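Student: Before we start, here is the structure in question, set down as structure tokens.
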Amino acid sequence: MSVSGPPLAAPADLTDLLRAGLSANPEGTALYALDGVLTRRQVDAACTRLARSYLNLGLKPGDRVASIMPNRAALVIHYLACMRAGLVAMPLNYRYTAADIDYAFDLATPAALLVHSERANDIAAVSGLARLPLGVIAHAGEIAGAISFEDLVDANSECELPDVAAEAAAFIFFTSGTTGKPKGVTHSHASMGSMVASNAQGLDLGAKDVVLPASWISHTAGLRLTFAGLWAGAMVDVARRFTPDELFGLLRQTRPTIAQILPAPLAALLEAQGARQEDFSSLRTMMAGGDKPSQTVVEEFDALAGVPIGSFYGMTEMGTSHSNTHGNAAKVGAVGLNNPGYVSELRNEAGEEVPVGADGRHWVKSPSMMTQYWKDPTATKAAFQDGWLDTGDLMRRDEDGYFWFRGRQKQIIVHDGSNISPAEVEDALTAHPAVAAAVAVGVRDEMHGEDVWGFVSLAEDATPVSADEIIEFARNRIGYKAPDVVKVLKTLPLTMGGKLDRMALKRLAAEESGSAHVL
């Protein structure tokens, strides 16, 4: 049967996200970073000035504005300005290579790019810069020919802000799919607003909370928690880096009540000198995102902080459908219960619902659903069936309504919270003249979620080549998505149907790495 979360309250208004906090305490802190603090009044004024500056530059409602930014208060202000101006924010992974950026530009044709000046040399290789109608906007330094972000924020230009429709596009996020190339997941003001409201409601956020998203706010997980905190009138920490020094500094200075962290920084916290002397007592909820941390890390953090690590399950296409943040010892390992506004069904291959305790393919319905894959009606149609989103993941539901993740059917590798397509890795490997065939798989890793392993067979007449040379070749093509490990085999195993046997190679990688493998 269908399983529903609590009824969802009204969606958050992305054009007026600070409303509750401004009304209650305009001089209260909205954004806190170790290098500066901004009140709600300051953030509200800054994003209004920036929205007007964007429109006066010649940007029009519906135009896309790409960004390549690390976690900064400026990025949050940029997002809020885009929402007020009716522009479509288009965050790109900060680790994107020039080829990745060009692909995104070709698909979604942004009108401008906001970029941190430390990436100036990298973006110089992006051919699509020449096609940006309004060019580059530089933050925290100068880039030749670029507009200053700080000047735009400081300008006091006059311009009437538009009324923005609920169905208007708000964000385009790029996420990898099994076909290899990233898709442009498009969220409207209504769908993103529902996602934010569900987060705030599910975590019971309020004005007394301090929210610490120790994850990228260019990704949906970190962004929706940031927006949820602002919508609830809470203080939001901006973690510029995910190092122990940065996170412990925020812990001491702001006493966060809600935190979300990627597995690798979480493991680093546990290993950091002085961790045993830190005071974690302010935390009421600690969530691990990006991927599930190892049981060892979960137990060590619980022993250190006295706070159980909660888990959640979601996708860029729909937000967070399930959370397990209540500290129920019997449910450790579950992704949890349905969040407000989400309905789930588990189905077999025939499309029939499966009974409690059986594995089934997870289908979800919610007002938080994406509106489309940008310029890809075929993929959009394939993802939905009568309003239900096919997640492609296997789940099991117990008699208490808790859902347990059983495996990724879509084969995406999740490394440090970033989705990596096996097909894209395989394309990079097989581009090497010595490589005849390649398979990329994800291998469980305590720090990074999954590491990328590549298996290759060489062409018969190939010049001898080492695994390290192949890795370096791939890294020059696809950057951080390159394999961590490459194994050269005489031949790659095939299934009965003659296809490359990914599962056999995944098992082999798990055995060699010492990682547990879940079928």
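The values are calculated or read from the model by the stated rules, or taken from the named source; none is laboratory data. Just so it is clear, the model here is predicted, and its values are computed rather than measured. Using ideal geometry, Cβ is built from the backbone for each residue, glycine included, and neighbour counts are taken over all protein chains shown.
Student: Among the strands (runs of 3 or more DSSP E) confined wholly to region 241-322, which include 3 or more residues that are under 29 Å from MET90 (Cβ atoms) and in the same structural domain as ALA228 (by TED's automatic domain parsing)? Let's see the steps before the verdict.
Tutor: Values: elements: 258-261, 285-288, 309-315.
Once the strands (runs of 3 or more DSSP E) in region 241-322 are filtered for at least 3 residues that are under 29 Å from MET90 (Cβ atoms) and in the same structural domain as ALA228 (by TED's automatic domain parsing), what remains is 258-261, 309-315.
Student: Now, a different point. Can you tell me which residue among ALA12, ALA24 is modelled with pLDDT of 95 or more and surrounded by 16 or more Cβ atoms within 10 Å (Cβ to Cβ)? Walk me through how you get there before you give the answer.
Tutor: On the way: ALA24 fails: surrounded by 16 or more Cβ atoms within 10 Å (Cβ to Cβ).
The conditions single out ALA12.
Student: Residue under question is MET90, and the condition is that it be touching a Pro at 6+ places or on another chain (Cβ under 7 Å), buried (at least 24 other Cβ atoms within 10 Å of the Cβ) and assigned by TED's automatic domain parsing to the domain that holds THR226; does it hold?
Tutor: Values: touching a Pro at 6+ places or on another chain (Cβ under 7 Å): yes; buried (at least 24 other Cβ atoms within 10 Å of the Cβ): yes; assigned by TED's automatic domain parsing to the domain that holds THR226: yes.
Yes.
Student: Which of the residues that make up region 125-137 are assigned to a helix (DSSP H, G or I) and within 18 Å of SER148 (Cβ to Cβ)?
Tutor: So the first thing to find is which residues in region 125-137 are assigned to a helix (DSSP H, G or I), and the list is 127-131.
Within region 125-137, just LEU129 meets the criteria.
Student: Check off (1) touching a helix residue (DSSP H, G or I) at 6+ places or on another chain (Cβ under 6 Å); (2) assigned to a helix (DSSP H, G or I); (3) under 23 Å from LEU223 (Cβ atoms) for ASP122 and give me the number that stays unchecked.
Tutor: (1)
Student: Among the residues of region 44-67, which ones are touching a Ser or Thr at 6+ places or on another chain (Cβ under 8 Å) and either over 22 Å from HIS187 (Cβ atoms) or among the β-branched types (Val, Ile, Thr) (or both)?
Tutor: Looking only at region 44-67, we keep the residues that are touching a Ser or Thr at 6+ places or on another chain (Cβ under 8 Å), and these are 49, 52-53, 56, 64, 67.
Listed by number, the residues that qualify are ARG49, ARG52, SER53, ASN56.
Student: Which of (1) outside any strand (DSSP E or B); (2) surrounded by 18 or more Cβ atoms within 10 Å (Cβ to Cβ) is the odd one out, the single condition TRP404 does not satisfy?
Tutor: For TRP404, the exception is condition (1).
Student: Going through region 128-144 one residue at a time, which ones are out of contact with any strand residue (DSSP E or B) (no Cβ under 7 Å at 6 or more places or on another chain) and of a type outside the set (A, V, I, L, M)? Give the derivation first.
Tutor: Taking region 128-144 first, the residues out of contact with any strand residue (DSSP E or B) (no Cβ under 7 Å at 6 or more places or on another chain) are 128, 130-131, 133, 141-142, 144.
Passing the criteria: GLY128, ARG131, PRO133, GLY141, GLU142.
Student: Take ALA462 and tell me if it is outside the structural domain of GLY333 (by TED's automatic domain parsing), over 30 Å from THR243 (Cα atoms) and either of a type in the set (Ser, Thr, Tyr) or exposed (fewer than 14 other Cβ atoms within 10 Å of the Cβ) (or both). So that I can check it myself, show each step before the final result.
Tutor: Working: outside the structural domain of GLY333 (by TED's automatic domain parsing): yes; over 30 Å from THR243 (Cα atoms): yes; either of a type in the set (Ser, Thr, Tyr) or exposed (fewer than 14 other Cβ atoms within 10 Å of the Cβ) (or both): yes.
Considered against the rule, which asks whether it is outside the structural domain of GLY333 (by TED's automatic domain parsing), over 30 Å from THR243 (Cα atoms) and either of a type in the set (Ser, Thr, Tyr) or exposed (fewer than 14 other Cβ atoms within 10 Å of the Cβ) (or both), ALA462 comes out as yes.
Student: Out of ALA104, ALA99, which single residue is at pLDDT below 95 and not polar (S, T, N, Q)? Please lay out each step first, then the result.
Tutor: Working: ALA104 fails: at pLDDT below 95.
When all the criteria are applied, what remains is ALA99.
Student: Which of the residues belonging to region 443-491 are among the hydrophobic types (A, V, I, L, M, F, W, C) and at pLDDT below 90?
Tutor: Of region 443-491, the ones among the hydrophobic types (A, V, I, L, M, F, W, C) are 443, 447, 452-453, 455-456, 458-459, 462, 465, 467, 470-471, 473-474, 478, 482, 485-486, 488-489.
Once the filter is applied, which keeps residues that are among the hydrophobic types (A, V, I, L, M, F, W, C) and at pLDDT below 90, region 443-491 yields MET447, ALA459, ALA462.
Student: Let me ask something else about it. Say whether the condition of being modelled with pLDDT under 95, of a type outside the set (A, V, I, L, M, F, W, C) and under 23 Å from the mean Cα position of the chain (by Cα) is met by at least one residue in region 114-129.
Tutor: yes
Student: Moving on to the next point. How many residues does region 88-119 contain that are over 14 Å from MET69 (Cα atoms), part of a helix (DSSP H, G or I) and either in contact (Cβ under 8 Å) with a residue 60 or more places away in the chain or of a type outside the set (A, V, I, L, M, F, W, C) (or both)?
Tutor: If we filter region 88-119 for residues that are over 14 Å from MET69 (Cα atoms), which is where we start, we get 88, 98-100, 102-111.
Retained after the next criterion (residues that are part of a helix (DSSP H, G or I)): 98-100, 102-108.
Still in the list and also either in contact (Cβ under 8 Å) with a residue 60 or more places away in the chain or of a type outside the set (A, V, I, L, M, F, W, C) (or both): 99-100, 102-104, 106-108.
Qualifying residue count, region 88-119: 8.
Student: What single numbered condition from (1) farther than 16 Å from GLU446 by Cα; (2) modelled with pLDDT of 90 or more; (3) surrounded by 19 or more Cβ atoms within 10 Å (Cβ to Cβ) fails to hold for ARG284?
Tutor: The one condition ARG284 does not meet is (3).
Student: Can I ask one more? Here are GLU349, GLU345: which of them is of a type in the set (D, E, K, R) and assigned to a strand (DSSP E or B)? Working first, answer last.
Tutor: Values: GLU349 fails: assigned to a strand (DSSP E or B).
After ruling out the rest, the residue left standing is GLU345.
Student: Any residue that is assigned to a loop (DSSP other than H, G, I, E, B), of a type outside the set (Gly, Ala, Ser) and surrounded by fewer than 18 Cβ atoms within 10 Å (Cβ to Cβ) - is there at least one of those in region 428-435? First the steps, then the outcome.
Tutor: We begin by selecting, within region 428-435, every residue assigned to a loop (DSSP other than H, G, I, E, B); these are 431-434.
Next, only the ones that are of a type outside the set (Gly, Ala, Ser) stay: 432-433.
From what is left, the residues that are surrounded by fewer than 18 Cβ atoms within 10 Å (Cβ to Cβ) are 433.
The answer is yes; a qualifying residue exists.
Student: Still on this model: Assess whether PRO6 counts as being within 25 Å of the chain's Cα centre (by Cα), in a loop (DSSP other than H, G, I, E, B), of a type outside the set (A, V, I, L, M) and under 30 Å from VAL354 (Cα atoms).
Tutor: yes
Student: While we're looking at this one, here's another question. When you go through ARG49, ARG84 one by one, which is the residue that is outside any strand (DSSP E or B), crowded, with 21+ Cβ neighbours inside 10 Å, in contact (Cβ under 8 Å) with a residue 60 or more places away in the chain and of a type in the set (D, E, K, R)? Walk me through it before giving the result.
Tutor: Working: ARG49 fails: crowded, with 21+ Cβ neighbours inside 10 Å.
Going through ARG49, ARG84 in turn, just one is outside any strand (DSSP E or B), crowded, with 21+ Cβ neighbours inside 10 Å, in contact (Cβ under 8 Å) with a residue 60 or more places away in the chain and of a type in the set (D, E, K, R): ARG84.
Student: Further question on the same structure: Among the residues of region 173-211, write down those that are modelled with pLDDT under 95, buried (at least 20 other Cβ atoms within 10 Å of the Cβ) and of a type in the set (Gly, Ala, Ser).
Tutor: SER176, GLY177
Student: Return yes or no: is GLU450 surrounded by fewer than 20 Cβ atoms within 10 Å (Cβ to Cβ), closer than 21 Å to GLY514 by Cα and acidic (Asp, Glu)?
Tutor: No, not satisfied.
Student: With the requirement that a residue be surrounded by 20 or more Cβ atoms within 10 Å (Cβ to Cβ) and either more than 20 Å from ALA9 (Cβ to Cβ) or not hydrophobic (A, V, I, L, M, F, W, C) (or both), what does region 324-339 give you?
Tutor: Narrowing region 324-339 to residues surrounded by 20 or more Cβ atoms within 10 Å (Cβ to Cβ): 324-325, 334-339.
Result: ASN324, THR325, ALA334, VAL335, GLY336, ASN338, ASN339.
Student: Additional query: Mind checking which pairs have a first residue in region 24-40 that is in the same structural domain as THR226 (by TED's automatic domain parsing) and under 22 Å from LEU247 (Cα atoms) and a second that is outside any strand (DSSP E or B) and of a type in the set (Val, Ile, Thr), Cβ under 8 Å, 6 or more apart or different chains?
Tutor: Once the first residue is in the same structural domain as THR226 (by TED's automatic domain parsing) and under 22 Å from LEU247 (Cα atoms) and sits in region 24-40, its partners that are outside any strand (DSSP E or B) and of a type in the set (Val, Ile, Thr) give ALA30/VAL43; LEU31/VAL43; LEU31/VAL76; LEU31/VAL238; TYR32/VAL238; TYR32/THR254; ALA33/VAL238.
Student: Can you confirm whether region 413-422 contains a residue that is outside the structural domain of ALA288 (by TED's automatic domain parsing), crowded, with 18+ Cβ neighbours inside 10 Å and over 17 Å from the mean Cα position of the chain (by Cα)?
Tutor: Within region 413-422, one or more residues are outside the structural domain of ALA288 (by TED's automatic domain parsing), crowded, with 18+ Cβ neighbours inside 10 Å and over 17 Å from the mean Cα position of the chain (by Cα).
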